[in-house]
Amino acid sequence: MFLFKILFYASGLIIFWAMVGYPTSLRIINKLYTINKLKKNYTQQPTVTVMVVAHNEEKVILDKLNNIIALDYPREKIKYLISSDNSTDKTNAIVEKFIEEHPNYNIQLYKVKDRKGKTNAQNEAHKLVDTEYLVMTDANAMLKKDAIKELMSSFISKDIAYVTGKLIYVNNDTNDISNAETSYWDSDLQIRDIESRIQTITAGNGALYACRTEDYVDFNPIKSHDSAMPLYYALHNKKAIANHDAIAYEKAGEVVEDEFGRKVRMNRILLGHILPTVKILNVFKYKWFSYFYFGHRTCRYLLWIAHFLLLISSLVLSSNGYLYLCVFLLQIIFYGLSVIKMITRTENKYLTLVYYYTVTIIAQWVGVYRTITGKSKPFWEKAESTR
């Protein structure tokens, strides 16, 4: 019974810290700690390449092209690079026609021959970049006109290697699924903002981010820049920060299948991200980043196993005290509400939040399974409801 008690309290602590403890601790730190405001220098306007990776994006690529050429940045200092990841629809034809119709803009189409996913498409296209900075953005993310100016203004020192923008969901009120994703994302943005102002973030977002071209790294295609870049730079004594005045607009998934697929993709190498290297725990070298990564990443990446162990240990210990019995029953009720939501499809905000969270945990399990069985892949099918 002693072992099950250890599992009970350890798993419960991981869940609590990931979902409540860490976010709360950051908000307390935000009030007590003297945090620097984000510094900017709008006078620096270096040469920039805006890279868009697209795989079968015929529905949105024309809007994306019109969006990026309308960005408020000196035309002589900006280039556009579309990396088409083995597109088999009309994406390439649309881009080629657009280039022909807009000869005054420096737009280039790079065709990836073998589809190996977004990161590989970025790695290959990166070889063509000759500007000082590289901005990467998704095909379905529309940028605010001053987004590039904002990103560039944040590179005020050589130790800042990466700047991510702010993703705003434009359909948060469409239904309960998009609303649940928006609620989760807004909470995460608050955490990133505090992490950024204290030292460095633990992850960015693929909708909009930038790095110095010289700092770009050819990551393994199975990895995602969202999580790989901030971690890499932090371990090399550089910073990844967030400038939430650089804004990208995108649709959140409106059907649970899309969100589930997206989260499975995000967890495709979850096991490797729980603790990528023990060096992260060296608080004397990495300072706040050690605390940030453990709370924001390690604990969240352990939720799949923590929930399982809490359920099993509370079941085994349920006859040993009311605490264990109550925790077990609360879990049964929680998962039961998820099943009710799944079966009835009722539009209830609170049921949807419970269901959304449960789906997130299941997606982690699927990610772990695919990692163990070698079925993880570097590419994925896009969520149609986000287009």
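With respect to Leu302, is the statement that it is at pLDDT 95 or above and under 30 Å from Lys238 (Cα atoms) true?
Numbers: at pLDDT 95 or above: yes; under 30 Å from Lys238 (Cα atoms): yes.
It is true that Leu302 is at pLDDT 95 or above and under 30 Å from Lys238 (Cα atoms).
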| task | Restrict the check to the stretch 92-110 and report whether at least one residue is touching a residue at least 24 places away in the same chain (Cβ under 8 Å), closer than 30 Å to Leu309 by Cα and surrounded by fewer than 17 Cβ atoms within 10 Å (Cβ to Cβ). | result | no
| message | Looking for something in a helix (DSSP H, G or I) and under 24 Å from Gln199 (Cβ atoms) - is there at least one such residue anywhere in the stretch 301-310? | response | yes
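Does Leu231 fit the bill of being out of contact with any Gly (no Cβ under 8 Å at 6 or more places or on another chain) and buried (at least 17 other Cβ atoms within 10 Å of the Cβ)?
Values: out of contact with any Gly (no Cβ under 8 Å at 6 or more places or on another chain): yes; buried (at least 17 other Cβ atoms within 10 Å of the Cβ): yes.
Judged against the criteria, Leu231 is a match.
Would you call Ala234 farther than 26 Å from Gln364 by Cα, outside any loop (DSSP other than H, G, I, E, B) and of a type in the set (A, V, I, L, M)?
Working: farther than 26 Å from Gln364 by Cα: no; outside any loop (DSSP other than H, G, I, E, B): yes; of a type in the set (A, V, I, L, M): yes.
Here the answer is no, as Ala234 does not meet what is asked.
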| field | Sole exception among (1) at pLDDT 95 or above; (2) more than 23 Å from Leu26 (Cβ to Cβ); (3) not hydroxyl-bearing (Ser, Thr, Tyr) for Phe289, by number | value | (2)
| note | Here the residues within the stretch 1-16 that are within 20 Å of Ser183 (Cβ to Cβ) and in contact (Cβ under 8 Å) with a residue 24 or more places away in the chain are Ile15
| How many residues are closer than 15 Å to Ala18 by Cα and in contact (Cβ under 8 Å) with a residue 40 or more places away in the chain when one looks only at the stretch 274-307? | 14
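For Thr88, state whether it is of a type in the set (S, T, N, Q) and surrounded by 13 or more Cβ atoms within 10 Å (Cβ to Cβ).
Working: of a type in the set (S, T, N, Q): yes; surrounded by 13 or more Cβ atoms within 10 Å (Cβ to Cβ): no.
Spelling it out, it is not the case that Thr88 is of a type in the set (S, T, N, Q) and surrounded by 13 or more Cβ atoms within 10 Å (Cβ to Cβ).
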| task | Report, by residue number, each residue of the stretch 344-366 that is hydrophobic (A, V, I, L, M, F, W, C) and either at pLDDT below 90 or touching a Phe, Trp or Tyr at 6+ places or on another chain (Cβ under 8 Å) (or both). | result | Leu351, Leu353, Val354, Val359, Ile361, Ile362, Ala363, Trp365
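Yes/no per residue for (1) crowded, with 21+ Cβ neighbours inside 10 Å; (2) of a type in the set (Ser, Thr, Tyr):
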site: Asn267; (1), (2): yes, no
site: Leu281; (1), (2): no, no
site: Tyr286; (1), (2): no, yes
site: Phe289; (1), (2): yes, no
| remark: A careful count of residues in the stretch 341-367 that are farther than 16 Å from Ala252 by Cα, in a helix (DSSP H, G or I) and of a type in the set (Val, Ile, Thr) gives 7
| message | I'd like the residue in the stretch 367-378 that is surrounded by fewer than 19 Cβ atoms within 10 Å (Cβ to Cβ) and under 30 Å from Glu58 (Cα atoms) and, out of all such residues, is modelled with the highest pLDDT. | response | Arg370
| message | Kindly evaluate Lys5 against the criterion of being under 30 Å from Leu317 (Cβ atoms), basic (Lys, Arg) and surrounded by fewer than 17 Cβ atoms within 10 Å (Cβ to Cβ). | response | yes
| Inside the stretch 258-289, can you point out the residues that are more than 29 Å from Lys375 (Cα to Cα) and hydrophobic (A, V, I, L, M, F, W, C)? | Leu281, Val283, Phe284, Trp288, Phe289
| field | Whichever residue in the stretch 313-337 is surrounded by 15 or more Cβ atoms within 10 Å (Cβ to Cβ) and among the polar types (S, T, N, Q) and, among such residues, is nearest to Ile35 (Cα to Cα) | value | Gln331
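Checking the structure you have, find out if any residue of the stretch 300-312 is hydrophobic (A, V, I, L, M, F, W, C) and exposed (fewer than 13 other Cβ atoms within 10 Å of the Cβ). Spell out the reasoning first.
So in the stretch 300-312, the residues hydrophobic (A, V, I, L, M, F, W, C) come out as 302-306, 308-312.
From the residues that got through so far, the ones that are exposed (fewer than 13 other Cβ atoms within 10 Å of the Cβ) too are none.
Scanning the stretch 300-312 turns up no residue that is hydrophobic (A, V, I, L, M, F, W, C) and exposed (fewer than 13 other Cβ atoms within 10 Å of the Cβ).
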| Selection within the stretch 343-358 - in contact (Cβ under 8 Å) with a residue 12 or more places away in the chain and either loosely packed, with under 14 Cβ neighbours inside 10 Å or under 22 Å from Lys223 (Cα atoms) (or both) | Glu347, Lys349
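The values are calculated or read from the model by the stated rules, or taken from the named source; none is laboratory data. Everything quoted here is computed from the prediction, not taken from an experiment. Cβ sites come from the backbone with ideal geometry, for glycine too, and all protein chains shown count toward neighbours.
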